[in-house]
Amino acid sequence: MVMFLGISASPRLGGNSETLLDQTMAGAAGAGAEVSKIRLAGMNIHGCTECNDCYECGECSTADDMDRVYALLERADRIVLASPIFFMGLPAQAKAMIDRCQRYWAIKYILKEPLPRRTGAPLRYGAFIGVGGTRGERLFDGAKLTIRYFFDAISVSPREDLYLLVRGVDAKGEIESRQAALDSAYKLGETLAKL
Ligand SMILES: Cc1cc2nc3c(=O)[nH]c(=O)nc-3n(C[C@H](O)[C@H](O)[C@H](O)COP(=O)(O)O)c2cc1C
């Protein structure tokens, strides 16, 4: 069974990006995936200190809630990060989580060892759900670039063709009036589960 992990990066619980993520997870569950969700808001996840201990052992020396995230990342066959755009990039909660994946980067590129996996599925796919209050053409460029390197560090193939990027949604709950986006989110989950 495909293990689907949804990561909600918004500090606003029940906000626009999380609402879309919930739709995606419903689509994935409907297509037979086992779904898990984490909300980064409220979790105790420190930033990377660049101690470089992971260059030696592949482990992170900082003990906090990231341990739970590591366990889920290592089990997941599909990973969807849902996030608002803050100052043209990812919010601090998402960036801290991604920076703490430096240990996987070290395992892959310094230690040149296989990444820890808790299931055996050979192919892993990732997608991004992004929401921003404005409509600029380059609104998602910064986040997409960071996410590309995040997925590379954890050996997940980014399905940029499936990314759901929603512009012009700002107030909490505003996404409820964007039925096309909600439908697309549901389909995204179905599609990822069936890949
Ligand atoms: C600190 C902060 C920075 C933001 N920066 C941007 C931005 O650079 N561009 C943009 O279009 N919207 C920006 N927004 C608006 C959010 O992206 C928007 O409200 C979004 O709908 C929030 O999604 P959420 O409900 O999932 O948290 C910002 C909001 C906050 C609080």
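Structure data summary
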quantity	calculated
Residue in the stretch 146-163 that is more than 16 Å from the ligand (Cβ to nearest atom), open to solvent by less than 70 Å² (accessible area, probe 1.4 Å), in a loop (DSSP other than H, G, I, E, B) and β-branched (Val, Ile, Thr) present	yes
The stretch 79-90 - residue that is open to solvent by less than 10 Å² (accessible area, probe 1.4 Å) and of a type outside the set (Gly, Ala, Ser) and, of those, farthest from the ligand (Cβ to nearest atom)	Ile79
Hits in the stretch 166-180 (condition: farther than 19 Å from Ile79 by Cα and either touching a residue at least 24 places away in the same chain (Cβ under 8 Å) or charged (D, E, K, R) (or both))	Arg167, Gly168, Val169, Asp170, Lys172, Gly173, Glu174, Ile175, Glu176, Arg178
Per-region count, the stretch 18-52, residues of a type in the set (A, V, I, L, M, F, W, C) and away from the ligand (no atom under 16 Å from the Cβ)	9
The stretch 109-143: number of residues that are at pLDDT 95 or above, touching a helix residue (DSSP H, G or I) at 6+ places or on another chain (Cβ under 7 Å) and within 20 Å of Met97 (Cβ to Cβ)	7
Matching residues in the stretch 27-46 - criterion: being under 18 Å from Ala9 (Cα atoms), open to solvent by 40 Å² or more (accessible area, probe 1.4 Å) and not in a strand (DSSP E or B)	Gly42, Asn44, His46
The stretch 77-115, residues that are within 28 Å of Leu13 (Cα to Cα), basic (Lys, Arg) and over 11 Å from the mean Cα position of the chain (by Cα)	Arg100
Complete set of residues in the stretch 164-195 that are within 16 Å of the ligand (Cβ to nearest atom), hydroxyl-bearing (Ser, Thr, Tyr) and closer than 14 Å to Leu21 by Cα	Ser184
Subset of the stretch 164-175 (residues that are in a helix (DSSP H, G or I) and among the acidic types (Asp, Glu))	Glu174
Residue in the stretch 58-69 that is free of Cβ contacts under 8 Å to residues at least 40 places away in the same chain, crowded, with 20+ Cβ neighbours inside 10 Å and at negative phi present	yes
Scope the stretch 1-17; condition near the ligand (Cβ under 6 Å from one of its atoms) and crowded, with 24+ Cβ neighbours inside 10 Å; matching residues	Ser10, Asn16, Ser17
Residue in the stretch 106-113 that is within 16 Å of the ligand (Cβ to nearest atom) and in contact (Cβ under 8 Å) with a residue 40 or more places away in the chain present	no
Long-range neighbours under 6 Å by Cβ, at least six apart or interchain, first residue farther than 13 Å from Gly89 by Cα within the stretch 131-154, second within 11 Å of the ligand (Cβ to nearest atom) and not in a helix (DSSP H, G or I)	Arg135/Arg167; Arg135/Gly168
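The values are calculated or read from the model by the stated rules, or taken from the named source; none is laboratory data. A quick note: this is a predicted structure, and the numbers were derived from the prediction, not measured. Every residue, glycine among them, receives a Cβ derived from its backbone with ideal geometry; neighbour counts consider all protein chains shown. The accessibility values were calculated without ligands, DNA or RNA, using every heavy atom of the protein model including side chains. Shrake-Rupley method; radii C 1.70, N 1.55, O 1.52, S 1.80 Å.
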